[in-house]
Amino acid sequence: METQTILVDRNVNKEETYTQAVEILKNGGVVAFPTETVYGLGADATNGEAVSRIFEAKGRPADNPLIVHVDSKESALHYVQNVSDKALHCMDAFWPGALTLILKASPGTFAGNVTADLDTVGIRVPDHPVALNLLKRVGIPIAAPSANISGKPSPTLAEHVFHDMDGIIPLILDGGATEIGLESTVLDMTSEPPVILRPGKISKQQLEAEIGTVHLSTEIKNNAPKAPGMKYIHYAPEAPVYLIEDKPALILKAIEHVQRSGKKVAVLSKESYPQADFHFALSGEALYDSLRKCDLMKVDLVLAVVPLNPEKGDALMNRLEKAADHKWFS
Ligand code: TXA
Ligand code: MG
């Protein structure tokens with residue numbers, strides 16, 4: 001299969017730009033498109049065969065449910081039930097935006113493989129003109145996980161999608177770099193108080209300002225993994241990633257130690273470390289691109305410099321811990 005990329009001007013909503021994508025989606029195919037968080041790999045969420053193409057393309061485990069994307073709150077309300085006042089309030093306050101709400105799905109709406117046969121669904125309205133234009137035109141709910149090979153860093157550029165999906169999917173809509181660079185906050189509205197299953201740009205503080213107390217899933221004892229995806233390895237480059245405290249003397253020692261064994265070391269940090277073989281930027285926007293650059297440069301070890309006292313539930317820290325599998329350099 002040849003993978004075509006169409007450049008999309010986010011400020012111009014032209015019919016022709018979207019015709020092919022709409023056609024493919026309506027016929028049960030998959031299309032990659034930009035959102036404000038990361039690129040998504042979309043398919044008709046009501047068509048099990050279409051959705052299975054997403055799982056195949058990504059090599060994604062079947063028990064990890066997908067996020068459904070719709071064009072508005074009104075559309076979302078067609079597909080879910082028992083929606084609490086708090087959930088409605090979140091929709092008004094944060095949609096379109098980087099907040100996925102876990103809600104009771106209306107029975108018989110979504111293909112079973114979208115929700116991994118749970119009776120709940122993760123749903124959001126993305127805040128990106130290209131995603132919204134596409135969703136409005138196609139008129140069906142679109143299941144879309146991040147458009148990367150399962151386990152790899154999520155794509156924040158169309159080039160990242162092409163790298164992972166060349167020859168596997170028919171079409172990529174290229175809307176340039178995504179603004180946020182980390183996946184949406186996932187908030188479980190079927191618990192009381194609601195629980196953040198995956199931290200994102202929309203923080204616990206922002207949510208609490210709107211709907212009162214919310215919990216972080218990491219703070220709850222004996223929780224079965226409620227966001228099934230959270231138990232899998234994520235965001236990992238080929239080389240092992242180690243977290244390291246933001247102490248220049250320690251970092252210089254670590255660089256020297258790794259290089260002494262003949263290995264190439266990359267440092268991910270705000271400040272530059274010219275002593276390292278490579279230095280890549282570290283921020284929410286830059287993280288996944290930096291991790292992918294580590295692969296391109298075939299580095300042997302990655303040091304990710306984290307702030308001394310990261311806040312609980314910080315999205316960047318959450319992704320770094322996963323990429324490093326919680327290993328600290330010592
Ligand atoms: O920013 C994003 O959310 C991106 C863009 C493309 O929208 N999408 C994304 O999807 O990150 P994905 O599939 O890579 O992540 C879905 C997350 C997983 O952690 C999954 O376990 C959780 O949402 N999830 C989905 N449905 C769920 C459900 N019914 N109950 C609990 N967790 C669910
Ligand atoms: Mg993902």
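Cut-off 20 Å, label point 7 angstrom out along Cα-to-Cβ of Ala62: give me the residues of segment 111-125 whose amide nitrogen falls inside. Counting backbone N atoms under 20 Å from the label point, the list is 111-122. Across segment 179-330, the relative contact order, built from alpha-carbon pairs under 8 Å that are at least six residues apart, equals 29 percent.
How big is Rg to Rh over segment 4-216, alpha-carbon atoms, Rh as the Kirkwood inverse-mean-distance radius? It would help to have the intermediate numbers written out before the result.
Details: Rg = 16.0 Å, Rh = 16.9 Å.
Using only Cα positions, Rg/Rh for segment 4-216 is 0.94.
Counted over segment 1-121 with a bin width of 10 Å, the fraction of Cα pairs per bin, in whole percents, is 11, 40, 36, 12, 1.
Asp166: net charge of surrounding residues, Cβ under 11 Å, Lys/Arg +1, Asp/Glu -1, itself excluded?
On the way: positive: none; negative: Glu2, Glu159, Asp164.
Result for the neighbourhood of Asp166: -3.
Ranking Arg319, Arg260, Arg137 by Cβ neighbours within 10 Å, fewest first, what do you get?
On the way: Arg319 25, Arg260 8, Arg137 17.
The order, fewest Cβ neighbours first, is Arg260, Arg137, Arg319.
In this calculation the C-beta distance from His326 to Ala177 is compared with R0 = 25 Å, giving a FRET efficiency of 0.30. Going from the residue with the fewest nearby Cβ atoms within 10 Å to the one with the most, Ile202, Ile233, Ile67 rank Ile233, Ile202, Ile67.
Overall form of segment 241-324: oblate. Here a/c, set by the Cα gyration tensor axes a ≥ b ≥ c, is 1.5 or more, and a/b is not larger than b/c. Among Arg10, Arg124, Arg198, sorting on how many other beta-carbon atoms sit within 10 Å of each Cβ, with the fewest leading, yields Arg10, Arg198, Arg124.
Before anything else, pin down the relative contact order of the chain: Cα pairs under 8 Å, at least 6 apart, normalised by residue count, whole percent.
Values: 705 pairs, mean separation 65.1, N = 330.
Relative contact order of the chain: 20 percent.
Give, in nm to one decimal, the length gained when the segment between His89 and Asp295 is fully stretched (0.36 nm per residue of separation minus the Cα-Cα distance).
Numbers: separation 206, 0.36 × 206 = 74.16 nm, distance 4.19 nm.
That pair, His89 and Asp295, stretches by 70.0 nm at full extension.
Throughout, read-outs are computed from the coordinates displayed, never taken from laboratory work. Quick caveat, the model's predicted, so the values are computed rather than measured. Neighbour counts run over all protein chains shown; Cβ positions are idealised from the backbone, glycine included.
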